[in-house]
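Take a look at the structure below.
Taken together, the values in this text are just the output of simple stated rules run on the coordinates, not laboratory data. Bear in mind that the values here come from a model prediction, so they are computed numbers and not experimental data. Neighbour counts run over all protein chains shown; Cβ positions are idealised from the backbone, glycine included.
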Amino acid sequence: MASLARLERLAQPGKIDLFYGDESGVSLLPGVPYGWQFKDEAVFAPSATGKGVNCFALLSRDNRLFFRTTEAVMNASLVCDYLDQFVHGLKKLTVVVLDNAPVHQKQVQERRRAWEAKGLYVFFLPPYCPHLNVAQTLWRKLKYEWLQAGDYQEKEVLRLRVWQALAAVGSDLKIAFKPFSQKIN
């Protein structure tokens with residue numbers, strides 16, 4: 001965690017760009033984190049059947065977002081392809097923080113040197129530390145705040161609304177991140 005703290009300190013004054021990467025699926029079944037109803041009241045959330053949309057995102061604490069959406073299964077090859085696209089837009093030394101998911105490991109390690117030659121470095125979080133990945137907050141906001149119940153009624157509507165929400169991050173939609181802390185609560 002001390003290494004991540006050093007990266008955060010370098011990113012604060014803009015010496016490096018620091019992005020947190022993660023992927024998530026948005027199912028056609030809406031998530032309901034909490035709810036209540038009256039006794040004998042029927043409550044439902046409209047939804048469709050079939051595949052939802054899978055997303056990959058690189059997010060900075062100042063709400064710069066690089067994202068891709070797909071119906072394909074998110075695998076190491078796709079993650080690496082997205083990182084290959086990301087590396088072309090770099091303006092300064094950039095570090096991408098990823099968790100230890102198997103999708104990030106082997107192929108990322110194989111392409112690492114080529115990315116480093118272009119100024120992109122990959123930092124893996126310690127195992128069992130998803131709470132350190134700020135991109136997790138992006139998925140929570142997307143699924144439980146930015147998407148509405150009606151967005152799940154049709155597959156194409158869901159895909160569009162996910163894309164619109166992610167495209168609005170940094171302009172119309174912002175996440176207020178707490179400063180990095182090495183303390184574990």
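Annotations for the structure displayed:
- Once the Cα atoms are used to define both axes, helix 2-11 deviates from the longest principal axis of the chain by about 90 degrees.
- Here the gap between Asn100 and Leu132, fully extended at 0.36 nm per residue and compared with their Cα-Cα distance, gives a gain of 10.3 nm.
- Taking a straight line from the alpha carbon of Lys155, these aspartates and glutamates sit under 16 Å away, with near neighbours fewer than eight places off in the same chain left out: Glu71.
- In degrees, nearest ten, helix 76-87 long axis to first principal axis of the chain (Cα): 60 degrees
- Principal-axis tilt of helix 106-117 within the chain, Cα atoms, nearest 10 degrees: 50 degrees
- Listed cross-link partners Lys15/Lys118; Lys143/Lys174; Lys15/Lys178; Lys118/Lys178 are compared with a 24 Å cut-off, the Cα-Cα value being larger for Lys118/Lys178.
- Separation in nanometres of the label points that stand 7 Å from Cα toward Cβ, at Glu156 and Ser27: 2.5 nm
- Rounded to 5, the percent of DSSP beta bridges in region 42-152 classed as antiparallel: 55 percent
- GNM flexibility winner over the chain from Phe38, Phe67, Phe56 (Cα, springs under 10 Å): Phe38
- Remark on Phe123: its backbone amide H falls under 5 Å from those of Val96, Val97, Leu98, a criterion applied only to residues 5 or more positions apart or on other chains, H modelled at 1.01 Å from N.
- Electrostatic bookkeeping for Ala57 treats Lys and Arg as +1 and Asp and Glu as -1; over the other residues with beta carbon under 10 Å from its beta carbon, the sum is -1.
- Residues of type aspartates and glutamates that Lys92 reaches as a straight line, Cα spacing below 14 Å, ignoring anything fewer than 8 places off in the same chain: Asp17, Glu116
- Candidates Arg111, Arg161, Arg61, ranked by Gaussian network fluctuation over the chain, Cα under 10 Å, top entry: Arg111
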